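Participant: Dropping a structure here in structure tokens format, bear with me for questions.
Throughout, read-outs are computed from the coordinates displayed, never taken from laboratory work. For clarity, every value in this text was computed on a predicted model and none was experimentally measured. No Cβ is skipped: glycine too gets one built from the backbone with ideal geometry, and neighbour counts run over all protein chains shown.
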């Protein structure tokens, strides 16, 4: 998967799906450094609410510096912002 950053750069990710529970939970691994052994694990949990669906994202960041963790947070915030623009209610 290739992502485009807000400054126009690209990031190539690779990973695998670990768990798929339709309409409930998605667990996958991801890395932008496939030659290295570590993979981040991401869990997406979907919970019905009276007004729609709550999405909870959790990403493990073992060994990440505080700066790297801030980069992960900024990336997810950007992704969620774009998702919010294209989702039809």
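Participant: If segment 2-86 were replaced by its equivalent ellipsoid, with semi-axes equal to the square roots of 5 times the Cα gyration tensor eigenvalues, what would those be, largest first, whole Å?
Facilitator: 23, 17, 13
Participant: Still on this structure: Using 1/(1 + (r/R0)^6) with R0 = 30 angstrom and r between the beta carbons of residue 21 and residue 70, what's the FRET efficiency to the nearest 0.05?
Facilitator: 0.50
Participant: Sticking with this one: Using alpha carbon coordinates only, what is the Rg to Rh ratio of segment 46-89, with Rh defined as the Kirkwood radius?
Facilitator: 1.09
Participant: Could you tell me which of rounded, prolate or oblate describes segment 11-55, using a ≥ b ≥ c as the square roots of the eigenvalues of the alpha-carbon gyration tensor, with rounded for a/c under 1.5 and, failing that, prolate when a/b is larger than b/c and oblate otherwise?
Facilitator: prolate
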